[in-house]
Amino acid sequence: MKRVSLFGYGVTTKALGSKIKNAVFYDDNVKEPYFDENNFIIRPSNEFNPDFSDLEIPSPGIPPHHPLIKSAKHLISEYDYFKDVMNLKIWISGTNGKTTTTQMMQHLLEDKKSVAGGNIGTPLGALDGKAPIWILETSSFTMHYTNEATPNIYVLLPLSPDHLSWHGNMQEYVNAKLKPLSMMKKGSTAIIPEAYKDIQSQANIITYKNEADLAEQFGINIEKVNFKGAFLMDALLAIAVDKIVFDRIEYGKINSFVLDPHRQEEFYDAQKRLWINDTKATNLDATIAAVKRYEDQYIHLILGGDDKGVDLSELFEFLQDKNLKIYAIGSNKDKLMTLAQNYHISAHKCQNLVNAVHTIDQNLKANQVALLSPAAASLDEFQSYAHRGNLFKDTIAQL
C-alpha cells in the first residue's frame, strides 16, 4: 500500500483523505499531531519526511517555494490522482470569468448529467466519479502541479496579471495557463485567445479574437444572448462547448441562467440612482471590463484594496480618456491618487468604503452610475470580497 502524504488540511485534501486509506495530512497551522473527527491524522509540516512517503498531493494554493513542495519526491496534483476516471472532462481557466463560465456550462449541460467542481467549490474527491461529464474550474495553481491529467476540452478566457507573487512573474502565470495544451491528446479540443495561436499542441485549437469572432465561428446569434459586458464572453464560451459536444444552441436556456451576486450586480437607491456592486473585480482586467460596460454614462468609480503589487498603469491608461471620477479606498489609496494625478484623472481619497459611498451620494446624479469595481483584493480591510460587497449595499440602503 502506498504511503500518501497530503499537504495542507483543507477542502481539497479532506476530500482526498476520504478516498485514500491511511493518508497523512501535513499542515503549517498544526503544532502537535492529532486525529480529527474522521480519524485522519494531521501532523505539523516540519514532521514530513520524504523517505517515508510514496506519494504527495498538495492543496493547490501551497506555493512552489514552500518547504513541503521543495522536499517532496513524488508530487502529483489532485487532477493527476483522478486522471483515470473515465468521463468527459472539461477544464475552464483564465483570469476573469472562469467561475461564471463554469456555472453557465453546468447550467447548459445538467440535462446530460454533468457535474461541476474543481476550483469552483467542490473538490474532485467529492465529485461523482460515475458522472459522464466533469466541468472543472481550473486554477493556475492546480495546473502548475499537474503533469499527467489532461482535459478533453480546454476553455481559456483572456489572461491578465494575477497571482504574480505565487508564480513569480507574468510569464510563469501564462505558462501555467497554457500548460494543458502541451499535454492534450489528439481528438481533444481547446478554445483559446488568438494571442496564443502559435502554441504547439496535438489538440484541435480554436482561437478567438473577441466576442463577435467567437460567436461567428460557432454560428451563435449574439443578438439572441441576453448577457452583456464581461458576461457575454462567458455565455458564448459555454454555448460553444455545448455546440461542440451536443451540436445544439439553446438561447432560452442560457438566458435563464441567474448570475451570482457581487459581479456587476445592479441595484437602485431610494432616489432611483444606479449603483453597481462589482466587488469580485479583484484585478485590473475585471475593472476594465466593468468600466467598458458603463462607459456611455458618467461613472463614479470606487477603486482600491490590496493590489498585491501589480502595476496598475494599464488600468489608468484605459481610464484617462473616460468620463469618470475615482474614489480611492484601501491600502493602496495613496498609490491610486498618485497614478490619478500622473494620468490627469479626477480623484478623491476616501477614508474607507463607507466614506466613499457617502461622498458619492453627495454628487451622484440620476443619469450617472456609481461603480464599486476595486481592481484589488479585499483582505486588507475586509473578511472577503463578499463582505466588501455587502457593506457597500448595506450602506447604500441606509442613505
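Brief remarks on what is shown
- Region 140-159: number of residues that are open to solvent by 10 Å² or more (accessible area, probe 1.4 Å), not in a helix (DSSP H, G or I) and not β-branched (Val, Ile, Thr): 5
- Of the numbered criteria (1) more than 22 Å from His262 (Cα to Cα); (2) open to solvent by less than 30 Å² (accessible area, probe 1.4 Å), the one Val369 fails is (1).
- Residue ID - farthest from Lys335 (Cα to Cα), chosen from residues in region 300-315 that are over 19 Å from the mean Cα position of the chain (by Cα) and surrounded by fewer than 16 Cβ atoms within 10 Å (Cβ to Cβ): Glu314
- Residue within region 88-98 that is surrounded by 19 or more Cβ atoms within 10 Å (Cβ to Cβ), among the hydrophobic types (A, V, I, L, M, F, W, C), touching a residue at least 40 places away in the same chain (Cβ under 8 Å) and assigned to a loop (DSSP other than H, G, I, E, B) present: no
- When Lys325 is tested against the conditions (1) of a type outside the set (S, T, N, Q); (2) surrounded by fewer than 21 Cβ atoms within 10 Å (Cβ to Cβ); (3) touching a residue at least 40 places away in the same chain (Cβ under 8 Å), the lone failure is (3).
Residue-wise test of (1) within 19 Å of the chain's Cα centre (by Cα); (2) touching a residue at least 12 places away in the same chain (Cβ under 8 Å); (3) surrounded by 14 or more Cβ atoms within 10 Å (Cβ to Cβ); (4) part of a helix (DSSP H, G or I).
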{"residue": "Leu214", "(1), (2), (3), (4)": "no, yes, yes, yes"}
{"residue": "Glu223", "(1), (2), (3), (4)": "no, no, no, yes"}
{"residue": "Met233", "(1), (2), (3), (4)": "yes, yes, yes, yes"}
{"residue": "Ile249", "(1), (2), (3), (4)": "no, yes, yes, no"}
{"residue": "Val258", "(1), (2), (3), (4)": "yes, no, no, no"}
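- Considering residues of region 330-353 that are farther than 15 Å from Leu315 by Cβ and touching a strand residue (DSSP E or B) at 6+ places or on another chain (Cβ under 6 Å) only, the residue most open to solvent (accessible area, probe 1.4 Å): Lys349
- Counted as qualifying within region 1-82 are the strands (runs of 3 or more DSSP E) with 1 or more residues that are touching a Lys or Arg at 6+ places or on another chain (Cβ under 9 Å) and surrounded by fewer than 17 Cβ atoms within 10 Å (Cβ to Cβ), namely 41-44.
The values are calculated or read from the model by the stated rules, or taken from the named source; none is laboratory data. It should be emphasised that the depicted structure is a prediction, and the values quoted were computed from it without experimental measurement. Note: ideal-geometry Cβ built from the backbone for every residue, glycine included; neighbour counts use all protein chains shown. With ligands, DNA and RNA removed, areas are computed over all heavy atoms of the protein, side chains included. Shrake-Rupley method; radii C 1.70, N 1.55, O 1.52, S 1.80 Å.
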